[in-house]
Each structure stands twice: as C-alpha cells, then as structure tokens.
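Trainee: I have a structure I would like to understand better, so I am pasting it below and will then ask my questions one at a time.
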Amino acid sequence: MYKNSMRLEFPASSDNERFARTVAAAFILELDPTVDQLSEIKTAVSEAVTNSIIHGYDNEYGSVTMEGSIFDDTVEFVISDDGAGISDIRRAREPLFTGKPEMERSGMGFTIMEAFMDSVEVESEVGKGTRVTMSKRISG
Amino acid sequence: MELYLSGKYRALVVRVAGELDHHAAAGIKESVDREMARTGAVNIAFDLGAVTFMDSSGIGMIMGRSKITSALGGRVIVYGASDNIKRIISMSGLNRLVTVAESLEDGLKEAVCNV
Ligand SMILES: Nc1ncnc2c1ncn2[C@@H]1O[C@H](COP(=O)(O)OP(=O)(O)OP(=O)(O)O)[C@@H](O)[C@H]1O
Ligand SMILES: [Mg+2]
C-alpha cells in the first residue's frame with residue numbers, strides 16, 4: 001500500500017495555471033502514466049485552477065490550493081479556493097453553462113474534468129469558496 | 001505566436017505555439033482582434049500544429065473569434081491540431097462552428113469556397 005502526498009498554495013494569477021498543471025504532471029510521473037493520461041490530468045487540473053482564478057476570485061487577489069495524493073495506482077487532486085462559491089452546482093456542471101458568457105468562456109471546464117478523470121466531486125458555498133476533488137486510476 | 005495575412009483569401013493566419021490556456025488566450029485574442037481590424041481580413045486560420053497543450057480557454061478564445069468572422073461573412077479554420085486537442089474540440093461542439101482541417105489548404109478549400 002504505497003502512499004504519497006503534496007500540497008501547493010499559490011496566488012490566483014493566470015501564469016500560475018501552467019505552474020500548477022506542471023507540478024501535477026511531475027507528481028504523477030512515478031505512476032508511469034501514458035502520454036494521454038498525463039495530458040488528461042494536466043487539462044483537468046488546469047480547468048479547476050483556471051476556474052478558481054476566473055470565477056472564484058474574478059481575476060482579483062486570492063489564494064488557490066492544490067493538494068495531491070497517490071494511493072496505490074490512483075491519484076487524487078483537490079483544488080480549492082476561498083472565493084465567490086457556486087450557488088447552483090448542478091447547473092454549473094452542465095455542458096456549455098457559463099456564468100461569464102461576456103468573457104468568452106465556453107462552459108466546458110467541468111465537462112472536460114469529468115471526461116478526463118474517473119470521478120469529480122464539487123463542494124461549494126456562496127461567499128466561502130469552492131473545492132473540487134478529482135481522481136484517476138493510472139494503469140500503464 | 002506568429003501572424004500573417006493571406007491576401008488572396010482575406011485570411012489572417014495565426015500560428016500558435018506552446019500552451020494555449022487562459023493566460024495565453026488573453027494575448028492571442030488581443031493581437032488577433034487588432035490585426036483583423038487593421039488588415040480587413042474576414043477569415044481567421046489558426047495553426048495549432050505547435051500547440052502542446054490546450055484547455056477550455058482555447059476553445060472559448062476560438063469560439064469568440066468565430067463570432068467576429070461570422071459577422072464579417074467569413075469563417076474560422078483550425079488546422080494541425082493533435083488528437084488530444086481534437087478531442088476537446090469535438091466535445092465542445094466547436095467543430096460545428098468552425099472548419100477543422102488537417103492543413104491550411106484543405107481548410108481554405110472547405111471553408112472559403114463555401115462562403
Ligand atoms: N471555483 C469556482 N468559483 C466560483 N464559481 C465557479 C468555480 N468553478 C466553476 N464555477 C462556476 O461554474 C461555471 C461553469 O464552470 P466551467 O468550468 O464548466 O465553465 P466556464 O469556466 O464558465 O467556461 P470554460 O471552462 O469553458 O472556460 C462557471 O461559469 C462559474 O459560474
Ligand atoms: Mg472553466
């Protein structure tokens with residue numbers, strides 16, 4: 001029963017999107033992922049982190065946390081913010097729904113996370129923040 | 001990113017390189033919109049051949065540009081995308097709004113001749 005974990009906290013600025021997904025990719029390397037699995041994990045993490053920056057903090061000051069854990073051949077990432085929160089999580093997760101149509105968002109972030117990870121859980125409270133937990137089994 | 005005009009097709013060709021996320025999309029959007037206004041192009045062709053990563057921010061950026069070309073009676077062409085990028089393009093339905101092709105020539109043939 002092998003286990004590893006990490007925690008990363010960074011300011012909500014758009015250049016940290018790349019930083020976070022690169023760290024996520026490095027963290028799962030020990031599981032020997034395929035190129036496609038790496039790309040899927042990077043994309044899903046990027047979606048969650050970008051959401052915290054754009055929607056959680058409205059591109060203003062704030063802090064985003066990414067926690068990763070590995071248990072056997074499964075990786076879990078938790079991305080959380082203390083931002084605006086989501087009032088209707090079910091609607092937010094619908095494909096093509098966006099709360100910011102004026103910003104040229106496609107409303108595909110959650111749909112992509114769901115497609116690329118095995119499970120995606122969203123907890124949120126308006127005015128408190130949002131926490132997205134997603135996991136994926138990596139088998140070579 | 002590199003931009004050039006194909007005068008014959010009134011198309012702005014945009015060669016994107018590296019990672020197309022929210023951070024990068026903002027800069028691309030600005031340059032493309034400025035060049036569209038300056039050159040009078042009506043079509044935009046995105047060369048994604050050198051894009052190593054793209055997420056929904058890239059989809060949104062391209063969708064936004066296709067609104068601009070539609071208003072001008074033109075079209076957006078996307079070509080050279082990797083399989084991973086093609087996957088999110090079809091998941092989002094972007095392939096129904098823009099012409100997805102293997103090469104610039106194919107894309108222009110398909111899109112511009114039909115406009
Ligand atoms: N961390 C968050 N804080 C507050 N609201 C959020 C958060 N994450 C998502 N949301 C809400 O859920 C909606 C849907 O998110 P999703 O990522 O699916 O689409 P989007 O971000 O609007 O567009 P895209 O991801 O395609 O650029 C957002 O528009 C926003 O209203
Ligand atoms: Mg999003």
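Trainee: List, in order, the whole-Hz ³J(HN,Hα) value for each residue of region B:104-109 obtained from phi through the Karplus relation with A = 6.51, B = -1.76, C = 1.60 and θ = phi - 60°; use x for Gly and Pro.
Mentor: My calculation for region B:104-109 gives 4, 4, 4, x, 5, 4 Hz in order.
Trainee: If you take every residue apart from B:ALA41 with its C-beta less than 10 Å away from the C-beta of B:ALA41, what net charge results, scoring Lys and Arg +1 and Asp and Glu -1? Intermediate results must be reported in sequence, preceding the final value.
Mentor: Details: positive: B:ARG10, B:ARG38; negative: B:GLU35.
So the surrounding residues net to +1.
Trainee: For chain B, which whole percent of the accessible surface, found with a 1.4 angstrom probe, sits on carbon and sulfur atoms? Please report the intermediate quantities before stating the final value.
Mentor: Values: 2560 of 5070 Å².
Exposed carbon and sulfur together represent 51 percent of the surface.
Trainee: Would you kindly derive the ³J(HN,Hα) couplings of region A:58-72 from the backbone phi angles with the Karplus curve 6.51 cos²θ - 1.76 cosθ + 1.60 (θ = phi - 60°), listing them in order in whole Hz, with x for Gly and Pro?
Mentor: These are the phi-based 3J(HN,Hα) values: 6, 6, 9, 4, x, 10, 10, 10, 10, 10, x, 9, 10, 9, 6 Hz.
Trainee: Next question. What does the average come to when, for each residue of peptide A:98-111, you count the partner chain Cβ atoms lying within 10 Å of its Cβ? Before the final figure, lay out the partial values.
Mentor: On the way: counts 2, 0, 1, 1, 0, 4, 12, 8, 15, 5, 11, 5, 1, 4.
Mean number of neighbouring Cβ atoms from other chains: 5.
Trainee: Turning to a different aspect of this structure: For region A:2-137, what is the charge dipole size about the Cα centre, in debye to the nearest 20, if Lys and Arg each add +1 at the Cβ and Asp and Glu each add -1 at the Cβ?
Mentor: So the dipole magnitude of region A:2-137 works out to roughly 60 debye.
Trainee: Restricting to Cα pairs below 8 Å that are 6+ residues apart, what does the relative contact order work out to for chain A? Please round to a whole percent.
Mentor: On the way: 277 pairs, mean separation 39.9, N = 140.
Worked out over chain A, it gives 28 percent.
Trainee: OK, next. What list of ³J(HN,Hα) values in whole Hz, one per residue of region B:32-49 in order, does the Karplus curve 6.51 cos²θ - 1.76 cosθ + 1.60 (θ = phi - 60°) give from phi, with Gly and Pro shown as x?
Mentor: For region B:32-49, the Karplus curve yields 5, 5, 5, 5, 4, 5, 6, 8, x, 5, 10, 10, 10, 10, 8, 8, 9, x Hz.
Trainee: Another question about this same structure. Using alpha carbons only, how many angstrom separate the centre of region A:19-69 from the centre of region B:58-79?
Mentor: 28
Trainee: Further question: Placing unit charges on C-beta atoms (Lys and Arg positive, Asp and Glu negative, everything else neutral), compute the dipole magnitude of region B:2-114 about its Cα centre in debye, rounded to 20.
Mentor: Taking the Cα centre of region B:2-114 as origin, the dipole is about 440 debye.
Trainee: Percent of alpha carbon pairs in chain B separated by more than 20 Å?
Mentor: 30
Trainee: Could you give the dipole magnitude of the protein assembly as shown about its Cα centre, charging the beta-carbon of Lys and Arg +1 and that of Asp and Glu -1, in debye to the nearest 20?
Mentor: With Lys and Arg at +1 and Asp and Glu at -1, about 960 debye.
Trainee: Considering only B:GLY40, B:GLY58, B:GLY74, give the residue with the highest GNM mean-square fluctuation for chain B, with springs between Cα atoms whenever their separation is below 10 Å.
Mentor: B:GLY40
Trainee: Of B:LEU48, B:LEU20, B:LEU97, which has the largest mean-square fluctuation in a 10 Å C-alpha GNM of chain B?
Mentor: For chain B, modelled as a Gaussian network with Cα springs under 10 Å, the answer is B:LEU97.
Trainee: With every protein chain left in place and a probe of 1.4 Å, what is the accessible surface of B:HIS23, to the nearest 10 Å²?
Mentor: About 90 Å², rounded to the nearest 10.
Trainee: Once the Cβ-Cβ distance between A:GLU123 and B:LYS8 is put in as r, and R0 is 51 Å, what FRET efficiency do you end up with, to the nearest 0.05?
Mentor: Details: r = 54 Å, r/R0 = 1.06.
After rounding, the FRET efficiency stands at 0.40.
Trainee: Within the set A:LYS42/B:LYS86; A:LYS3/A:LYS136; A:LYS3/A:LYS128; A:LYS42/B:LYS67, which residue pairs have Cα atoms separated by over 21 Å?
Mentor: Pairs exceeding the cut-off: A:LYS3/A:LYS128; A:LYS42/B:LYS67.
Trainee: At a 1.4 Å probe radius, carbon and sulfur cover how many percent of the accessible area of region A:1-96?
Mentor: Answer for region A:1-96: carbon and sulfur cover 49 percent of the accessible area.
Trainee: Could you order B:PHE53, A:PHE97 so the one with the most accessible surface comes first? Probe is 1.4 Å.
Mentor: Heavy-atom accessible area, descending, gives A:PHE97, B:PHE53.
The values are calculated or read from the model by the stated rules, or taken from the named source; none is laboratory data. It should be emphasised that the depicted structure is a prediction, and the values quoted were computed from it without experimental measurement. FYI the Cβ positions are ideal-geometry reconstructions off the backbone, even for glycines, and counts take in every protein chain you see. These accessible areas exclude ligands, DNA and RNA; they are computed on the full protein's heavy atoms, side chains included. Shrake-Rupley method; radii C 1.70, N 1.55, O 1.52, S 1.80 Å.
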